[in-house]
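The values are calculated or read from the model by the stated rules, or taken from the named source; none is laboratory data. Just so we're clear, the structure is a prediction, and the values are computed from it rather than from any experiment. Note that each Cβ is placed from the backbone with ideal geometry, even for glycine, and that neighbours are counted across all protein chains shown.
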Amino acid sequence: MNVTEAITARRTVRKFTQEPVPGAILRELVDCARVGPCSANMQPLKYKLVEKPDTGLVFPYLRWAMAIAPAGDPAPEERPTAYIIITADTSIRPQNYDIDVGIAAQTIALAAQERGIGSCLMALHDKPGLKASLALPEEIVPVLAVALGYPAQHSEMYPMENGNYKYHLTGDGTLHVPKRSLEEILL
Ligand SMILES: Cc1cc2nc3c(=O)[nH]c(=O)nc-3n(C[C@H](O)[C@H](O)[C@H](O)COP(=O)(O)O)c2cc1C
């Protein structure tokens, strides 16, 4: 799989088999993010790996597929088997790390895709709550979660029509994700 194939084939996955992602692979994913571009090369990001049996410490702080809730929620036997929580160490950089986080998140998602692992980038709706749940140090701010696992859901793209950006599920459980055309986004 080359980089373009990984970029194109990656779709958000929200339902997973319960086969664990090996811890060594989680470390590889972070090692890919580690060498990515970042503002001023300050490298303020730190990563918390969360695997079973601790994944329940993260799940309550996430909101799944708002556009189709609750149909997109993973059932207990479909939940992610691991998370990488992308955090900022504010003792290195107190602010302006959000773009670095976005780059790191996509790097992790693509490296996961190459390894046959599905991912869902997830906003954190209660950062203080998650910080307490994971007992993160004072200077560490959680910013984004990457939910991970082997996919138990198929998702495919289709051309967006009339600006309708909402993804939808069909009866067979397939997720359909509209994407704007290249012509529309070129200025
Ligand atoms: C910054 C960011 C935050 C996101 N937060 C959530 C979230 O809280 N819950 C969720 O189910 N999906 C979340 N997503 C996934 C998007 O819904 C998904 O990327 C989008 O629907 C496009 O689908 P695709 O990734 O398959 O192209 C997030 C994605 C990004 C980039």
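Of the residues making up the range 12-27, those that are crowded, with 16+ Cβ neighbours inside 10 Å and either within 19 Å of A105 (Cβ to Cβ) or acidic (D, E) (or both) number 7.
Regarding the range 84-96, can at least one residue be identified that is within 16 Å of the ligand (Cβ to nearest atom), modelled with pLDDT of 95 or more and under 27 Å from E5 (Cβ atoms)? The answer is yes, given that some residue of the range 84-96 is within 16 Å of the ligand (Cβ to nearest atom), modelled with pLDDT of 95 or more and under 27 Å from E5 (Cβ atoms). The set of residues in the range 13-49 being within 16 Å of T81 (Cβ to Cβ) and within 16 Å of the ligand (Cβ to nearest atom) consists of V13, R14, K15, F16.
When L130, L121 are checked against the criterion of being modelled with pLDDT of 95 or more and either more than 25 Å from H176 (Cβ to Cβ) or polar (S, T, N, Q) (or both), L130 stands alone in meeting it.
For the range 97-107, the criterion of being over 26 Å from E184 (Cβ atoms), of a type outside the set (G, A, S) and touching a Pro at 6+ places or on another chain (Cβ under 6 Å) is met by at least one residue. Exactly one residue out of L134, L148, L124 is touching a helix residue (DSSP H, G or I) at 6+ places or on another chain (Cβ under 8 Å), more than 15 Å from the ligand (Cβ to nearest atom) and not β-branched (V, I, T), and it is L134.
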